[in-house]
Every structure is written in structure tokens, then in C-alpha cells.
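FYI, it's all coordinate maths here, none of it is from the lab. Remember, it's a predicted structure, so these values are computed and weren't measured experimentally. Backbone-built Cβ (ideal geometry, glycine too); neighbour counts: all protein chains shown.
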2 protein chains.
Amino acid sequence: MRIDIDRDRLVETMEEQAAIGGTEGGGLHRLTLSDADAEARDWFADCAAGMGLDLRVDAFGNMFARREGADPDAEPVLVGSHLDSQPYGGIFDGALGVVAAIEFVRTLDDYGIETERPVEVVNWTNEEGSRFPPAMQGSGVWAGAHDIEAEYEKTDADGARLVDELERIGYRGADPAEPREPYHAYLELHPEQGPFLEETGADVGIVTGIVGLRWAEVTFEGQANHSGTTPMHYRDDALVAAADVVTAIRRLPGSLGERTVATVGSLTVEPNSVNIVPETVRFTTDIRDPDEATLDRGVERMEAEVAAAADREGVDYEVEHTMRAASVDFPDRPVEAVAEAAADLGYDGRRMVSGAGHDATHAASVCETAMVFSVSEDGKSHTEDEFTSWADCYSSASVLANAALDLAGRVD
Amino acid sequence: MRIDIDRDRLVETMEEQAAIGGTEGGGLHRLTLSDADAEARDWFADCAAGMGLDLRVDAFGNMFARREGADPDAEPVLVGSHLDSQPYGGIFDGALGVVAAIEFVRTLDDYGIETERPVEVVNWTNEEGSRFPPAMQGSGVWAGAHDIEAEYEKTDADGARLVDELERIGYRGADPAEPREPYHAYLELHPEQGPFLEETGADVGIVTGIVGLRWAEVTFEGQANHSGTTPMHYRDDALVAAADVVTAIRRLPGSLGERTVATVGSLTVEPNSVNIVPETVRFTTDIRDPDEATLDRGVERMEAEVAAAADREGVDYEVEHTMRAASVDFPDRPVEAVAEAAADLGYDGRRMVSGAGHDATHAASVCETAMVFSVSEDGKSHTEDEFTSWADCYSSASVLANAALDLAGRVD
């Protein structure tokens, strides 16, 4: 019953895409809607043509390559990920999911398998969000989470408009950027981007959902003063207040939940001079947990810590809630398809919640969705050093292919 | 015996200089060696010419206007400060000391007083250090603390060389930038730049010395990781380690000395992204105290806190000691001249140690030096909001004039 993907071809296909926008450091510089992204898209279109698939490009550049099923009216199974990269990302993030979806269809052809449902391979536009905000933009537009006209107007650091770049590379398609029909399921393979699978010795991740997150930007406003002439009791030091909160945020997960993570990733100081007491400090907070109530409790505690720190230092504060993503629980059917495929293939599949957002976040609002995670060595991600061994690419792609076939239904 | 300076003329002279490089916010934008600085120097030269003084400009642009004494071979008394300003500084910082020195000489003329010793009014080049490092540069070159050729090569943010700018504005003088002869004393009036005088209700500050300082730059090197997928126990968060040190530095003075101040004024985070665990954090520490042993103990404790924080977070660290200035104790003779002038004039003069460096720091290595401080409202400094009332300008300038006359000796 199982299908076996061609391991050598999987590696070749991975290497083909890795050559497009490849960096000297062995990673990828393939920002969305760049020339390198255009070349990767052309390569995807060639792959689709080589398999005899129909290619649709929607008005936001999302690419869908369709293999018909025995019942052309059945709801299709969508499989894929993204080909864009971080400024200096690795060759696996996103690309592995697209390549595995291509290899899934090639394997169906190898075996001469007809599926009950149509299968579509998708390459989403701008998952990374590092050139144009936000991340997961193409799937978000497609799923109706964002207004396409607003997203068109987004500009990059050089002032280039997204829609102009989409036109320029020739990937503003004719299809509306929305689900053309109801979909049966969406499956996505992605590197874990964390150390959990490697630490637990598992082969693949059976992703049961995606954590919710709360982002905020906190500003402390104190008083700039000379560091030599201003006595300690006279100071309103915005950085001291911020340091209190950084420490509190570090402690927060320990009293919230087993899977809570909380981070201050960005912090800037003004005037930022060795001999001036800091006047203004802005920093971000990022709290994630699979449970919504835990998230809300985390935000409350963060705000209490901000207020307490401001009071101690005599500075003013402001908390702006910049992003809120609800946690996603994947439904049983596709999750069990992944779990069964892993078990059938003899792999140690570990159930886990994704700590990062993925295109699957948006797809989950359209159809039944699940994910497969591959092992990320040392948990490294968004760096040229990102690494998933060919063995782990093969095992996770095999799980994806068999789970997708299960969902698509095999015509015997 | 006392001389009384002309209060209205003092205000006029202050307003004359304040019009050169004046900002809409009522402050000064008169960076060293800028066109505005050149104009202020021309104005200083005009003042000197108006008083019939000989003007010397040395090779570093320091300006000396000399009024001969009865004994031309006697060691002169040097009085002055600086006319350059911070990018957006107030109209008092530096300028008040130069104006008060000019008004001292004018008052000698008003009274027809001949002094025993020559009197020189000095305008030092680049006290602020905000365009070219370091601060107190001109007096430092003059006193032999810096090599003039090295300082000539310093560049500003636009890449302009200091020596080229000095030539451009026509103030690279012919005289060697060094004391032409032994000096008897140096006196400088400067705004306090802190809240001590106002808080204690004093009229003027009798400055008995300048605190020593120790600057360091600390780097924590952790590991950048995804803020969603990296469990808390897996992180090497450079910002969390830095926050521990910021908090410790805030506590440091409380266990060191009554007059210790300690500051983290500058801190930068890399990659500085909301969803990436901070990899590299660089920050400065600034510890000041009048006592050298206390300073050394402060630096030791700072280093111990850095090591402990690095150990807790599992990050690497480096401490670079970027500046060390020994504390200065002013000798009795000029300090008592200031104290007696204040008492004679009926002012409440408070003895205090300066928390900021001044040109007097370097002058103290050449001759007997002391300072007078004027009240700084709310302790504000290095901002357009810096304020010293005309009443406080008058009282402090009167103390300066009478102390300087005492040191110069009056020929009856």
C-alpha cells in the first residue's frame, strides 16, 4: 500500500532549487518577488509542465499546479509550502515542502497511481515577510485574512511597491486570490526550526497545531540627563525600567505553562550615548503558547510588570498590542493521516505543536489542515547554517507523500 | 575691595553669543569647527580687540586673549571655557564661562584696575566632543594629554578631517598648542549640569575637584534563534544577560559610595528582531566617583556581574575598558579664592565635586586650577532646555571675577 519516493531524485530536486539564489555560505538569498524568486517560480512552472500539470497563478502570485483525480468534482487535496527565503536563509525552509509535494506527484506518476481527488501543489507568495510585511502573506490573502489591495501597497526598504514587483517579475496572475473551490485538506512539510525532534530522538514531527502568539511594543519614556552630574535618586532611567521587564519576561514561562515561550527580541535606546541617562527605550515582547487563556494571562502579567517597572523608575509607559494570532488546533483526520503514515513507514513520529506560524495557519481556516515536521539540526533556522540531513528530508517527505495519498484516496 | 560686574552688559554679551548658531528651540547648534563656531570665534576675537587685548591662536585653534599685568614676567592667570556646543545644546554650557571671563576683563577696565599678573581669557577648541572625539580635546592637546597629529586626523560623521576643518574656518593658528609659559592659575565658570545646587538651595558651587571615571564596553555573544520554536532552556539570550547587568549597575552606587554614579547609557541588540532571540548585545558602562579606590572597586564589581550574568545565560562575554580618567583634587589656593569671593559677596557657596569632566581637568595638570559652578535649573544639560537664570549668571560671574582678581593680584 505504501509508496516509496525516489530518494536520489528528491536530493536532486532539492539541489536544483538550492542553486537558484544560492549564497557562498551554502544558503539562500531568495527574497520574495526578487529576480531569484522569479527564477525559482519559473523552475516550479517547469516542474509542473514536466509532470503535465495545469498551472494557475493567482492575482497575488500564489502558484497552484493541479493533477486531476478520478473524480474531477471531488474537493482537491492541496500540498506545498513556499520557495521564498530569508535574506540569508537555509535551503530547506519552505523549499523542502514544495519539493516534497512535487516528488509526491512524481511518485504517483512512477507508480501510475490515479487518485480519487485532484491533487494540487502550491507555492505560496511571501511566506517569510522579510522583504514585505507580514509573513505568510500570500496564504493570508488567499484565505481572506488580508485585503489584497492593502497588501499590494506594501513597500520594501527601497520603497518598491509589492504589486509593482509582482508585475515586474510577471507573476501577477489572472485567477482571483482566493480558494477557487472548497478544498478537502491541506498538508505541509516544513523543517521544525527548533530542537525538539532532535532532542527527543524522533524521526518526524506530527504537528497537531500551531501556537497562538501575542506581540506588543512597549515604550518607556524617562528623562535624558548627564550620567556624571545626575545623582542616582534624581534619575528617570528608561533602560533600567526596560531591563526589569526583560528579566521578568525571561521568568514568565516558568510560571505560565510548560510550552510557553516569551522573548524580548528587539530593544532600542535613545539617545544611546555612553554618558547620557537613557530617555526613551522601545522594545518588543513576543509570548507564545498553544492555549489562548494562558496567552491572555501572559499578556496581563507582562503589562503588570511594565507598570511596576515604570513606577519603580518614575518613567512613563505605553503598551501597544501589535499582533495577535489565535492558536490553531489541527483536526483529527489529517493529523491521523500523518501519524499513520509515519507508523506505517516505521518512523518514530512525535506529536508536537508548532512554535512558529506557517502558511498552514491560514490554510487551516479554509480546509482541514495538518503538517509534517522534519528534524532541524541544532534547531537552527533563518540562517545559512540551517540543516536537515538528506535522510531526514527523505523520511519526512515519505510521510508527507503517504499521508497525502491517504487523503487524496487511491483508485485501485 | 570687591569689584562689581555690569549685570546688564553680562546679559547683553550672553545674548550676543547666543544669537550665533541659535536654534528655534532657544538653544545652540554650534558644533566645533562649523561655520557657526567660526562666527563665534570671530565674535570672541572682536571682543578681545574691543578690549585692546593681544590675541593668540594656537595650532589647535585654542584662542588666548591677553591683558598685560604690572609684571609682564609674572605667571599669568588663565580664565575661560568653550564656545562650541552640543548638536542641540543650551546657550549657557561653555559660553557662560567665556562671557564671564570677558566681563571680568571689562570690569577691570571699568575700574581702571591694573593686575600684578597678566590675565588671559581662553576659548578652548572642541570641549563637547560631539562632532570629533574626544571631549575636552583642545585643552587636552594644550596640556599634553593628546598628541596633536593624532587629533588632527580625527574625522566627523561625514568623514571630514579635523585639521581640514580647522584650516577651512581659518583657525589653525601659528602658536604651538602648548602652554607658552608657566601659568599661575586657571579658573573656569561653568553651569553645574546637575541638580545639586538647586536642591540644596545654594547660590554658587565652589568646585573642589572633578570625579574620576571608568568607561567600559561590554559585549555578550549568545545564539540567535527563532523566538517561537526555541524552548526557554535552549536559549543563550544575550539581552537577558545584559538586562541583569543593567539592573546590577543601577544598584552599584548604593553599595559603593555616597557620590558614586553608574550608568548604562548605550545598548544595542543584534539582530534586533521581534521574533529572534538576541544574539549579540553591546552596552557601555560609566562609573564615576571622586575616589580612585572606590572606582576600581566599582569596576571589579561590574566585571563580576558581567561574568555571573554570562554564566547564568550561557553566553560569551568581553569587557573592553574604553576610558579611564583619574579624579582631580583642586589645590587649596584657587579653591579658597573662589570660596572667599562667594563669602565676600554674601552668596551661599556650596563645596562640591564636579560629576562631569571639564577643560579644567586638563588645565589642572598644567597649573593650580579651580572652578565656579552656576545653578542649572532642574539639572538640565546638553539640551535646548538648559537654563541658568540671569541672577545666577550674575552671581556666579561675580564670584569668578573676584576670585580671578584675587589670584591675579591688584596693584593699588
In this structure, the FRET efficiency calculated for B:Met51 and A:Thr268 from their beta-carbon separation, with R0 = 60 Å, to the nearest 0.05, is 0.75
Taking neighbour counts of Cβ atoms within 10 Å as a proxy for exposure, in what order, fewest first, do B:Glu12, A:Glu377 appear? B:Glu12, A:Glu377
B:Glu300 label points, 7 Å along Cα→Cβ, one per copy: pairwise distances from this copy to the rest in nm, shortest first? 4.8
Classify chain A as rounded, prolate or oblate from the Cα gyration tensor: take a ≥ b ≥ c as the square roots of its eigenvalues, call it rounded if a/c is under 1.5, otherwise prolate when a/b beats b/c and oblate if not. prolate
Output the 0 to 90 degree angle, nearest 10, between the alpha-carbon long axis of helix B:95-111 and the longest principal axis computed from the alpha carbons of chain B. 10
Charged-residue dipole, Cβ positions (Lys, Arg, Asp, Glu), region A:212-325 about Cα centre, Debye nearest 20: 380
Residue exposure sequence - A:Trp390, A:Trp124, A:Trp142, A:Trp215 - by fewest surrounding Cβ within 10 Å: A:Trp390, A:Trp215, A:Trp142, A:Trp124
Which distance in nm do the two modelled labels at A:Glu340 and B:Arg251 give, with both placed 7 Å along the Cα-to-Cβ direction? 5.9
CD proxy, 222 nm, the protein assembly as shown: helix-only mean residue ellipticity via -39,500 (n - 2.57) per DSSP H run with n ≥ 4, per residue, nearest 500, stands at -11000 deg cm²/dmol
DSSP bridge pairs, the protein assembly as shown: antiparallel proportion in percent, nearest 5: 70
Given backbone amide H placed at 1.01 Å from N, residues whose amide H is under 5 Å from that of B:Thr322, ignoring those fewer than 5 places away on the same chain, are B:Trp215, B:Ala216, B:Glu217
Förster-model FRET efficiency, 56 Å R0, B:Ala145 and A:Asp296, C-beta, rounded to 0.05: 0.40
HN-Hα J couplings of region A:57-62 from phi, Karplus 6.51/-1.76/1.60, θ = phi - 60°, integer Hz, Gly and Pro as x? 10, 8, 5, 10, x, 4
Could you list B:Asp110, A:Asp84 so that the one with the fewest beta carbons within 10 Å of its beta carbon is first and the one with the most is last? B:Asp110, A:Asp84
Calculate, axis by axis, the spread of Cα positions in the protein assembly as shown along the three principal axes, and write the results as whole Å, longest axis first. 124, 50, 38
Inter-copy label distances at A:His233, 7 Å along the Cα→beta-carbon direction, one decimal in nm, shortest first? 4.5
Nearest 10, in degrees from 0 to 90: the angle of helix A:332-344 to the longest Cα principal axis of chain A is 70
Go through region A:178-192 residue by residue and turn each phi into a ³J(HN,Hα) via Karplus (6.51, -1.76, 1.60, θ = phi - 60°); whole Hz please, and just put x for glycine and proline. 6, x, 6, 7, x, 9, 7, 6, 10, 10, 9, 9, 8, x, 4
Could you work out, residue by residue across A:242-250, how many beta carbons of other chains sit within 10 Å of that residue's beta carbon, and then give the average as an integer? 6
Spin-label pair B:Glu15/A:Glu153, simplified geometry with 7 Å Cα→Cβ offset, distance in nm: 5.1
Got a sec to turn the phi values of region A:288-299 into Karplus ³J(HN,Hα) couplings, 6.51 cos²θ - 1.76 cosθ + 1.60 with θ = phi - 60°, whole Hz, x for Gly and Pro? 10, 6, x, 10, 5, 5, 5, 4, 5, 5, x, 5
With each label point set 7 Å from Cα along the Cα-Cβ vector, what nm distance links A:Asp42 and B:Met323? 5.6
At the level of C-alpha centres, the distance separating region A:298-320 and region B:357-411, in angstrom, is 41
Ordered shortest first, which distances in nm separate the 7 Å Cα→C-beta label point of A:Asp412 from those of the other copies? 12.7
Which residue is it, in chain A, whose C-beta lies closest to the A-to-B rotation axis, and what is that distance in whole Å? A:Ala243, 2
How big is the Cα convex hull of region A:212-325 in projection, averaged over all directions, in nm²? 6.6
Where does helix A:7-18 land angle-wise versus the long Cα axis of chain A, in degrees 0 to 90, nearest 10? 50
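Normalised radius of gyration for region B:1-127, please: alpha carbon Rg relative to 2.2 N^0.38 Å, two decimal places.
This ratio for region B:1-127 stands at 1.05.
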Counted charge near A:Val79, where neighbours are those whose Cβ lies closer than 14 Å (Asp, Glu -1; Lys, Arg +1): -3
Could you tell me the distance between the Cα centroids of region A:100-159 and region B:203-271, to the nearest Å? 44
Average partner chain C-beta neighbours within 10 Å, per residue of A:272-283? 5
Give the distance, in whole Å, between the Cα centre of region B:19-67 and the Cα centre of region A:331-355. 78
